[in-house]
Amino acid sequence: MKMVKLLRFAAAIMALAFVFNIPAAAQSDREKTDKFKNSVQKIEETIKNAKDVAECKAIETQIDKLRNEYQADKALLDKSLYPDDFNSSVEKLTTALTLRKGDFTQIHELRTEVGTLKDQVTDLNKKNYDLIVEIQNLNRAAGKNKKAIDSLRTLVASLRASLKERDKLVMGMVDSLLTEFTKDPAGLTEAQQQGMISGIKNKNLFFNIQRTINDNIKFMEVTQLTADDISEMKKQQVKFSKIWRQIGPKLAEVYLSKKESALQIEQTNSLFTSWNLLINNQIWGNVDKAFKSKNVKILPYENGTQFSDNIKSYIQDQIKNLPTLGKDQSLKEFQLLSDSVWFSSVKKEWVPVLIDNNLLTEAQKDTIENNLAMWKKQVEPPFSFGWIYFALGGLIVVIVIVFVVTSRKKRTL
Amino acid sequence: MQKYKIYLGVLLLSAAWGCSSLKLTQADFAWPVESVLKIDAQGNITDNRFSYSVNVKPLFFEETKDSLSYNSKELRIIRDVKGYYYATSTGFKNIYLFEIKDGAFQMYDKFQINEQGMNNPAMNQRPPYIELIDGDKKYLVNNEGLKQ
């Protein structure tokens, strides 16, 4: 027993001697400084790549550990970290971590909000689908009676309101994504990009955007829209399309490596183009209807330039044909185009929509009206205003003469 | 008259002596840590923190007698409280002391540390000395020589 104790004691002594005989490798101040700088840099990276609040808490512990580990070298680091110092370096990390935590709180709030929005949008998608089917059925029903027409009107109004509400929600979703996308996608870390992708998935973003556009297109197809309705829809389309144009390229960059999603972005782009074209066609179609309803035959047009050119050439043809048609007939034609179509319908209802949406310019509108004025001159020559002035002038002269003569007579008397 | 000339001469001399002996003391030129600088293909080093650059080819030639020995090497350099610069590098047997003279690093002295050349030298500021460490060996040095 004693022997064992002795051996243990000797081993311990030897171990201690071994430890004290080996000199610890000296560390250079530069090495310490570089190590500290590297640790700070690593923590900064970890903060950037943190995925949730739990990771942030772990980083907080790392910062505390760093502070304690290097506290003994504070004097050295204060000098060598110029222009920073030990405290400011640690402080920077703490601030970056606080900001990152703030991001997560904001993202959490947005996610909760989006979750609620998603449910609402799903309900509205279903409601809109049912309404569109009902309208289509009523439209197909032959010999609509008053009751059916009233019911159709109510359905259309209900669908319009419901679409508007859903569009607003979807636009809100895209808008919230824009706020998350404050950074250039190239500057986002892999983790941030992944977070973005899962956010988009969670919101059913592509589905909802495409559904919104498709429903609006269907709505246009199954209903007769007034100028105000179309104007409203065009505004909606322009606003939505503008937001998409801001976010689309950024999404494309995030999804660069994901072919399926890249395809969805392309499809959404082309849907926006179709929606825009369809609205423009609806506007021009309605303008055309106004001309056709009065049997005014203007050559087909698809844009403002063609529209203004074709009306101009129609008027010039009419002026050219004036001797053949005769003044009376030409006057009738003029009144039909000018009074019944242009001033009473097209200019009042559709020209503001066309100009607001850059489909027609003020100059093109003026060209049409100048040509109408020119035609008017030909068919209604400057009427007898000259005679009225002449008669008025004569009357004034007579009054003056009578006045002069009477006053002279008074003086003679 | 002769007396006045002497007084005037003495006065001028003392004024001139006064100007030339102007000295600002309590100076501290010490760098907190050494700079470890990469040598470029032309043999130049640039220290952005302390804003200077210099060609160190002659130093490497002095140490190794090889005009290309500076290739892909680093130079460790530190300045002490008095303003002397200490330079060394991996494989060097010596530590070199420099002072600034007429726009150049002028060698003030050099001290041999290891005949076989140092494996991993590093320098720390330990006023009034510079501590040179190479693995587990430590040396204190100043412009007067090695202290340990």
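The values are calculated or read from the model by the stated rules, or taken from the named source; none is laboratory data. What you see is a predicted model, and the numbers here were worked out from it, not measured in a lab. Here the Cβ is made from the backbone with ideal geometry for all residues, glycine too, and neighbour counts use every protein chain on show. Each accessible area value is taken on the protein alone, full model and side chains, heavy atoms only, with ligands, DNA and RNA left out. Shrake-Rupley method; radii C 1.70, N 1.55, O 1.52, S 1.80 Å.
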Close pairs from the range A:219-239: first among the polar types (S, T, N, Q), partner surrounded by fewer than 18 Cβ atoms within 10 Å (Cβ to Cβ) and not in a loop (DSSP other than H, G, I, E, B), Cβ under 7 Å, at least 6 apart:
A:S231/A:D356; A:Q237/A:N276
Restricting attention to the range B:114-135, and to residues there that are within 13 Å of chain A (Cβ to nearest Cβ) and not in a strand (DSSP E or B), which single residue is least open to solvent (accessible area, probe 1.4 Å)?
B:M118
For the range B:76-83, indicate whether the set of residues that are part of a strand (DSSP E or B), more than 17 Å from B:A27 (Cβ to Cβ) and within 14 Å of another protein chain (Cβ to nearest Cβ) is non-empty.
yes
Those residues that are within 14 Å of chain B (Cβ to nearest Cβ) and surrounded by 14 or more Cβ atoms within 10 Å (Cβ to Cβ), I need them from the range A:24-45; list them, please.
A:A26, A:S28, A:D29, A:R30, A:E31, A:K32, A:T33, A:D34, A:K35, A:F36, A:K37
Can you spot a residue in the range B:43-52 that is modelled with pLDDT of 95 or more, open to solvent by 70 Å² or more (accessible area, probe 1.4 Å) and in a strand (DSSP E or B)?
yes
Could you list, in sequence order, the residues of the range A:80-107 that are small (G, A, S) and under 13 Å from A:E60 (Cβ atoms)?
A:A96
Flag if A:L337 is over 15 Å from A:F291 (Cα atoms) and either more than 29 Å from the chain's Cα centre (by Cα) or crowded, with 20+ Cβ neighbours inside 10 Å (or both)
no
Helices (runs of 4 or more DSSP H) wholly inside the range A:298-413 containing at least 3 residues that are among the charged types (D, E, K, R) and within 28 Å of A:Q237 (Cβ to Cβ):
A:362-379
Please enumerate the residues belonging to the range B:53-68 that are hydrophobic (A, V, I, L, M, F, W, C) and outside any loop (DSSP other than H, G, I, E, B).
B:V54, B:L59, B:F60, B:F61
Taking the conditions exactly as written (surrounded by 17 or more Cβ atoms within 10 Å (Cβ to Cβ) and under 30 Å from A:D78 (Cα atoms)), does B:D80 satisfy them or not?
yes
Which of the residues that make up the range B:136-148 are away from chain A (no Cβ under 14 Å), part of a strand (DSSP E or B) and open to solvent by 40 Å² or more (accessible area, probe 1.4 Å)?
B:L146
Considering only residues that are away from chain B (no Cβ under 14 Å) and open to solvent by 70 Å² or more (accessible area, probe 1.4 Å), look in the range A:67-94 and name the one that is nearest to B:P127 (Cα to Cα).
A:A72
Whichever residue in the range A:46-66 is surrounded by 12 or more Cβ atoms within 10 Å (Cβ to Cβ) and either more than 25 Å from A:F104 (Cα to Cα) or polar (S, T, N, Q) (or both) and, among such residues, is farthest from the other protein chains (Cβ to nearest Cβ):
A:N49
Within the group B:F92, B:F111, B:F105, which residue is touching an Asp or Glu at 6+ places or on another chain (Cβ under 9 Å), open to solvent by 20 Å² or more (accessible area, probe 1.4 Å) and either part of a strand (DSSP E or B) or hydrophobic (A, V, I, L, M, F, W, C) (or both)?
B:F105
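Of everything in the range A:274-297, what is open to solvent by 20 Å² or more (accessible area, probe 1.4 Å) and outside any helix (DSSP H, G or I)? Give them in sequence order.
Scanning the range A:274-297 gives A:K294, A:N295, A:K297.
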Looking at B:Y86 and the list (1) hydroxyl-bearing (S, T, Y); (2) open to solvent by 60 Å² or more (accessible area, probe 1.4 Å); (3) under 20 Å from A:R30 (Cα atoms), which single condition is not satisfied?
(2)
Conditions (1) under 18 Å from A:S28 (Cα atoms); (2) within 15 Å of the chain's Cα centre (by Cα); (3) not hydroxyl-bearing (S, T, Y) -> B:K138 fails only (2)
